[in-house]
Amino acid sequence: MKKLIFFLLAAVSLSVYAQDKPGCAEIEPKYMTRMPGFDLTNCDQSEFETHKFHYSNLQDKYTTEEHSGRYYRLSYSKRADETRKISGTQIRNNYHNAVVKAKGESLSVRQSFFKMKQNNKTVYFTVDNADDTDDRGFDIFIIEVEEMKQDIVVNMSESIDRDGKVALYGILFDVGKTNIKPESAEALKTITDYLTANQAVKVIVVGHTDNTGNYESNIALSKSRAESVKSWLVTNGKIDAARLRTEGAGMFCPVASNDAEDGRKQNRRVEIVKQ
């Protein structure tokens with residue numbers, strides 16, 4: 001494995017990690033050598049997440065790029081005993097130089113968004129909030145691109161026979177949008193296979209949201225997303241439109257608390273309800 005080594009940075013001894021938040025040093029990817037004089041004071045990691053990177057591209061045009069895979073958020077703070085005055089520009093240039101040396105790509109005019117290969121994976125990451133003349137801290141967001149491991153297998157016939165409905169979490173949309181994302185194909189095929197095998201069954205496609213946003217927009221969004229699913233089933237699954245109705249429940253029927261992101265994820269779903 002080719003490690004990402006930041007030149008202009010000295011070797012980091014184990015003592016540097018003494019002030020890290022417990023558990024964060026273990027999360028920090030081995031290829032992500034840090035700036036000397038900075039501690040890893042906060043961190044987050046998920047097996048699979050979608051992250052939007054916002055940056056100004058090499059033509060200085062504001063751009064949004066979305067990638068999915070293993071996710072990291074690393075927050076670094078300058079140590080109280082660090083006497084060097086390290087600017088945000090210096091931090092971003094260090095990452096830029098290291099990525100280019102590792103045969104990666106620097107994609108931002110500010111030298112803050114990067115693409116590279118590590119461990120046979122494509123890695124995207126951004127250096128955020130590194131802006132000051134004596135920078136006190138900055139954040140790194142990383143996506144190691146990979147497909148989500150599918151842990152849940154839905155037996156639609158069993159669920160509908162038992163509960164009269166089934167909740168599907170594999171039908172994905174961009175935030176606030178109704179266009180179905182390509183990675184939803186497997187979940188949509190599950191619905192198609194069920195309806196094809198049960199020709200007499202009619203169903204209601206019900207969209208659900210979390211409580212983010214206002215009531216009216218969530219009702220409209222959930223209904224429109226249900227319509228998108230119906231359209232996909234008719235166009236791609238060759239299901240008779242007369243067998244499908246749509247409804248939007250918005251935030252009405254949560255299955256978990258909306259106080260935390262894990263709960264909100266469960267509430268953002270499509271349900272297939274037997275008529």
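Given (1) under 23 Å from residue 261 (Cβ atoms); (2) touching a Ser or Thr at 6+ places or on another chain (Cβ under 7 Å), where does residue 194 come up short, assuming only one miss?
Failing condition for residue 194: (1).
Results for (1) modelled with pLDDT under 85; (2) touching a strand residue (DSSP E or B) at 6+ places or on another chain (Cβ under 7 Å), shown as yes or no for each residue.
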residue: 87; (1), (2): no, no
residue: 93; (1), (2): no, no
residue: 123; (1), (2): no, yes
residue: 131; (1), (2): no, no
residue: 154; (1), (2): yes, yes
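Can you list residue pairs whose Cβ atoms sit under 7 Å apart, with the first residue in the stretch 247-275 being assigned by TED's automatic domain parsing to the domain that holds residue 202 and part of a loop (DSSP other than H, G, I, E, B) and the second being at pLDDT below 80 and among the hydrophobic types (A, V, I, L, M, F, W, C)? Count only pairs 6 or more apart in sequence or on different chains.
Going by the 7 Å Cβ cut-off, there are no qualifying pairs.
Would you point out which residue out of 115, 61 is free of Cβ contacts under 8 Å to residues at least 24 places away in the same chain, closer than 30 Å to residue 182 by Cβ and in contact with an Asp or Glu (Cβ under 8 Å, 6 or more places away or on another chain)?
One residue alone meets the criteria, 115.
Kindly provide the set of residues from the stretch 214-236 that are surrounded by 15 or more Cβ atoms within 10 Å (Cβ to Cβ) and not aliphatic (A, V, I, L, M), ordered by number.
Answer for the stretch 214-236, where residues must be surrounded by 15 or more Cβ atoms within 10 Å (Cβ to Cβ) and not aliphatic (A, V, I, L, M): 218, 222, 223, 224, 225, 227, 228, 230, 231, 232.
Going by the structure shown, is residue 171 farther than 30 Å from residue 39 by Cβ and in contact with a Leu (Cβ under 7 Å, 6 or more places away or on another chain)? It would help to see each step written out before you state the result.
Numbers: farther than 30 Å from residue 39 by Cβ: yes; in contact with a Leu (Cβ under 7 Å, 6 or more places away or on another chain): yes.
Considered against the rule, which asks whether it is farther than 30 Å from residue 39 by Cβ and in contact with a Leu (Cβ under 7 Å, 6 or more places away or on another chain), residue 171 comes out as yes.
Restricting to the stretch 56-98, what's the tally of residues that are more than 26 Å from the chain's Cα centre (by Cα), basic (Lys, Arg) and outside any loop (DSSP other than H, G, I, E, B)?
1
Within the stretch 91-109, which residues are surrounded by fewer than 19 Cβ atoms within 10 Å (Cβ to Cβ) and touching a residue at least 12 places away in the same chain (Cβ under 8 Å)?
93, 97, 101, 102, 103, 109
The values are calculated or read from the model by the stated rules, or taken from the named source; none is laboratory data. Small disclaimer: the values here were computed from a predicted structure and weren't measured. A quick note on method: Cβ atoms are made from the backbone with ideal geometry, for glycine too, and the neighbour counts reach across all protein chains shown.
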